[in-house]
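The values are calculated or read from the model by the stated rules, or taken from the named source; none is laboratory data. Note that the coordinates shown come from a computational prediction; the quantities given were computed from them, not determined experimentally. FYI the Cβ positions are ideal-geometry reconstructions off the backbone, even for glycines, and counts take in every protein chain you see. Side chains included, ligands, DNA and RNA excluded: accessible areas come from the protein's heavy atoms. Shrake-Rupley method; radii C 1.70, N 1.55, O 1.52, S 1.80 Å.
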Amino acid sequence: MAHVRFDNVSKSYPGGHHALSGVNFEINQGEIAFLTGHSGAGKSTLLKLIMLMEKATQGQVLVDGVNLSRLGNSQIPYHRRRVGVVFQNHQLLFDRSVFENVALPLRISGYSSRDLERRVRAALDKVGLLKKEKQSPIELSGGEQQRIGIARAVVNKPSLILADEPTGNLDPTLSAEIMRLFEQFNDVGVSVLIASHDLPLIDRLDHRVIGLKDGRLLNERPAGGL
Amino acid sequence: MSTSRSSASSKSGARQSKVTVNSQWKAYLQHHRVTAKDSLIRLLKSPGSSIMTWLVLGIALSLPMTLFVSLENVKQLSRVWDQSSQISVYLKKGVVPRLAQGLSDEIQALPQVTSAYYISPELALKEFSAATGLSDVVEGLESNPLPGVISVVPSLASQDAKAMEKLQDQLMHFVQVESVQLDLLWVKRLYQFMELGQRMVWALALLLGLAVLLIIGNTIRLSIENRRDEILVVKLVGGTDAFVRRPFLYTGIWFGLGGGLIAWFLLSLGLYWLSGPVEQLIGLYGSEFVLSGLGVKDSLLLICDGVVLGWLGAWLAVSRHLARINP
Ligand SMILES: Nc1ncnc2c1ncn2[C@@H]1O[C@H](COP(=O)(O)OP(=O)(O)O)[C@@H](O)[C@H]1O
Ligand SMILES: [Mg+2]
């Protein structure tokens, strides 16, 4: 069964703008793929549909075989807990420590403090920020902030990670490091979908690429296609 | 991330469900504790505006309670005044003074009666002409039209309406008695006023309760706006509505509790300040009266009112405004 499946999905925003039209694709369990396209092509919209931040106006989005349009409002939180998201503007909370930012999904899921500490430290260790857990995110660099966001996305051990322009504000070296992190998660079986228009970086990495243009699926480059 | 590829490709979601029910319950309680503490700390971090809100709530809560306590005291006081309520027993024509005096003594001996005093027709007429200044008219009369009257003051214990009626019946049974009249008019009026007062207190309590809801609702609305980013992130990483609501409900509870305590303090202070002069004043009328303050029950009720209103106000604000913040 595909991990994520789009069945003829269209999305138009209020006002009639068609952000996505008739999109079909599948992402398999444990696959890593890039989503590319010009600004306004519909990348963020596509990810938002998977997170249920938006609902498809037509067609079906399935995650783990579950049709998302069938989920009631009360089930949305539980769906989101199974998906880790990384945002371009990382959405960190500056009024609390790095540790607390990463711990948030676990507090929500109801982890006891001992389990929670262990998991948060493991996630911070993974992204190389274990020594900065007590600091405020505001004291850290852009690359480090993005890694806090990644730690927060993976701390609940989701089986699917979505990232929206995770390297948007970073220089090429830092961007490559961030991508390397996603590859590491993929190495242990997590499915990863990264929206990015950093074509040079994508070209260097030999992963599947899904191209979008004006809300339509444009072309596909399979993994190992270079 | 230490799980192997094979376990990851099995049914996803299973990996998160390692949280047992017991530990989840513990974590839930812990989260309540932490949230309650955090909410209080947040309020204390902006002491200026928090104290303002607390004071406003305290005043709004103490007003109806002040009136309520005053009414209770007036009620108690009116019992003391009831002593002045009288029963006039009109005697039949032709009852000779000796018999009338005997009847008066007999009535006086009743356990429900404090005193009975016979007023002869002659005395009544004298009093009438003196009081009205119609002595010419009175002198012109061929015979005295006034009956003899026994003025009865019932004892304190038989002041309630039922006992009074029973006494009235009893007095009617004496053969010499023509009619019995209760001079309860002003007592009745007082009770009517108190009834009215009680309703006004309820109406005021309702209005001020509504004001408390609005104040708390508005304060919570502002704090929701201030924490918009946090709410968005919490919702994005899977926070349920209950989780998102919790800190705001606790904020409402803290506001309500603080308001209730301030109201209680204001009221106690006011009662203490009044008790001296009031007791002195009442003392002038020769009656014993103690200004009753707030009992433990009333105090708890007042503080609970605050807490419930705080929670409710927060709940209303949260359910109105949180739905609008959607990632
Ligand atoms: N909330 C919204 N309301 C209306 N239009 C939107 C909204 N979000 C995105 N759009 C429009 O949908 C299109 C796709 O946007 P988006 O998915 O953000 O593209 P990308 O992430 O590829 O830049 C754009 O034309 C954008 O203007
Ligand atoms: Mg975008």
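Worth pointing out:
- Bridges between two residues of chain A, per DSSP, are antiparallel at a rate of about 55%.
- Dipole moment magnitude, nearest 20 debye, the stretch B:86-182 about Cα centre, only Lys, Arg, Asp, Glu C-beta charged: 220
- Shape call, the stretch A:69-116: gyration tensor on alpha carbons, a/c limit 1.5: oblate
- Between helix A:142-154 and chain A: long-axis angle, C-alpha atoms, 0 to 90°, nearest 10: 80
- GNM flexibility winner over chain A from A:R204, A:R96, A:R216 (Cα, springs under 10 Å): A:R204
- Largest first, the residues A:S44, B:S88 sort by 1.4 Å accessible area into A:S44, B:S88.
- Within a straight-line Cα-Cα reach of under 19 Å, B:K297 can be paired with the following aspartates and glutamates, leaving aside sequence neighbours fewer than 8 residues apart in one chain: B:E72, B:D305.
- Members of A:K131/A:K157; A:K157/B:K235; A:K55/A:K131 lying beyond 28 Å, as alpha-carbon distances in this model show: A:K55/A:K131
- A quarter of the convex hull surface defined by the alpha-carbon atoms of the stretch A:92-157 gives 3.8 nm² as the mean projection.
- The stretch A:1-45 and the stretch A:85-135 have Cα centres spaced 29 Å apart.
- In the protein assembly as shown, taking the dipole from charged Cβ atoms about the Cα centre, the farthest positive-side position among B:I216, A:F185, B:T20 is held by A:F185.
- In the stretch A:113-226, the DSSP beta bridges split such that about 45 percent are antiparallel, to the nearest 5.
- Radius, Kirkwood style, for chain A when every pair of distinct Cα atoms is counted (Å): 18.0
- Given a 1.4 Å probe and the protein chains as shown, A:D115 ends up with an accessible area of around 50 Å².
- DSSP beta bridges fully contained in the protein assembly as shown are about 65 percent antiparallel.
- Just so you know, the averaged projected area of the alpha carbon convex hull for the protein assembly as shown sits at 40.4 nm².
- Toward the positive end of the charge dipole of the protein assembly as shown, with +1 on the Cβ of Lys and Arg and -1 on the Cβ of Asp and Glu, the farthest Cα among B:I51, B:H173, B:F265 is that of B:I51.
- Angle between chain A longest axis and helix A:172-187 axis [Cα atoms, degrees, rounded to 10]: 80
- Scaling against 2.2 N^0.38 Å puts the C-alpha radius of gyration of the stretch B:179-263 at 1.99.
- When +1 charges are put on Lys and Arg Cβ atoms and -1 charges on Asp and Glu Cβ atoms, the dipole computed for the stretch A:92-157 relative to its Cα centre reaches about 240 debye.
- Taking the helices alone, the protein assembly as shown has a mean residue ellipticity at 222 nm of -18500 deg cm²/dmol, built from -39,500 (n - 2.57) per DSSP H run of at least 4 residues and averaged over all its residues.
- Cα pair distances exceeding 27 angstrom across the stretch B:105-256, given as percent: 61
- Dipole magnitude of the protein assembly as shown, debye to nearest 20 (Cβ charges: Lys/Arg +1, Asp/Glu -1, about Cα centre): 3100
- Using only the C-alpha atoms, the convex hull of the stretch B:86-182 corresponds to 92 Å³ per residue.
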